[in-house]
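Please treat every number below as a calculation from the coordinates, not as lab data. What you see is a predicted model, and the numbers here were worked out from it, not measured in a lab. Cβ placement follows ideal geometry from the backbone for every residue including glycine, while neighbour counts extend to all protein chains displayed.
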Amino acid sequence: MLGWMRRCVRSLGRLGARLVPVLLAACYTYAPLATVAPTLGLRVSLALTDQGRVGVAPVMGAGLDRVEGTLVRVTDSSYVVQVTSVTDVRGAVTKWVGETVTIERAWVANASERRFSRSRTYFAAGGFTAAVAAFIASRGLFGRGGPILGGSGGGDGGNNQ
């Protein structure tokens, strides 16, 4: 494979690696929980109250605004969540690896569930397709405008006397 083509393929791979997580995130939205007894295994986002920030601080850290994860157990007074990420009051997101934490319902301002969004997925896929097409066009990978390789130029090799 030609050197310039290898570089383009690597660049396209890096572009894809950066865009795929964005696309996956764009495919979901959060909606308020429809029931007081949500299904176990549901992906949830729990927005904390001021009291909740203080309550979770000894276990999860100070200044948290939101906890996201998978619902493990629900009681009338608490949510038990395998935490995937937390967001602090400044908006900084910290990834977690599934530690199980109990959060009192009184500490939760609102609880939302993660839902697949078909319209957002179509929009994200369209944007990704446009980005890839623009990348390919900007690199001349459609076969137009590249150098002509090989072949004989004809003539006498420049011996015009």
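Laid out as a table, the results:
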{"read-out": "Amide H contacts of Leu48 (H built 1.01 Å from N, under 5 Å, at least 5 apart or other chain)", "value": "Arg66, Val67, Ala109"}
{"read-out": "Neighbourhood charge, 14 Å Cβ-Cβ cut-off, centred on Leu42 and excluding it, Lys, Arg +1 and Asp, Glu -1", "value": "+2"}
{"read-out": "Cα gyration tensor shape of segment 65-104, rounded if a/c is under 1.5, else prolate or oblate by comparing a/b with b/c", "value": "oblate"}
{"read-out": "Summed residue charge, Cβ within 11 Å of Thr75's Cβ, Lys/Arg positive, Asp/Glu negative", "value": "0"}
{"read-out": "Extension gain (nm, one decimal) between Leu42 and Val59, 0.36 nm per residue minus Cα-Cα", "value": "3.9 nm"}
{"read-out": "Net charge of Cβ neighbours under 12 Å - reference Ala106; Lys, Arg +1; Asp, Glu -1", "value": "-2"}
{"read-out": "Most positive-pole-ward Cα, Ile103, Val89, Ala31, against dipole of segment 23-116 from beta carbon charges", "value": "Ala31"}
{"read-out": "Ordering of 49-58, 103-112, 78-87, 129-138 by burial proxy (mean other Cβ atoms within 10 Å per residue, highest first)", "value": "78-87, 103-112, 49-58, 129-138"}
{"read-out": "Lys, Arg +1 and Asp, Glu -1 on Cβ, resulting dipole of segment 23-116 about Cα centre, debye, nearest 20", "value": "220"}
{"read-out": "Relative contact order of segment 23-116, pairs being alpha-carbon contacts under 8 Å that are 6 or more residues apart, as %", "value": "36"}
{"read-out": "Label-reachable residues, segment 57-81, where backbone N falls under 15 Å from a point 7 Å from Asp88's Cα toward its Cβ", "value": "57-67"}
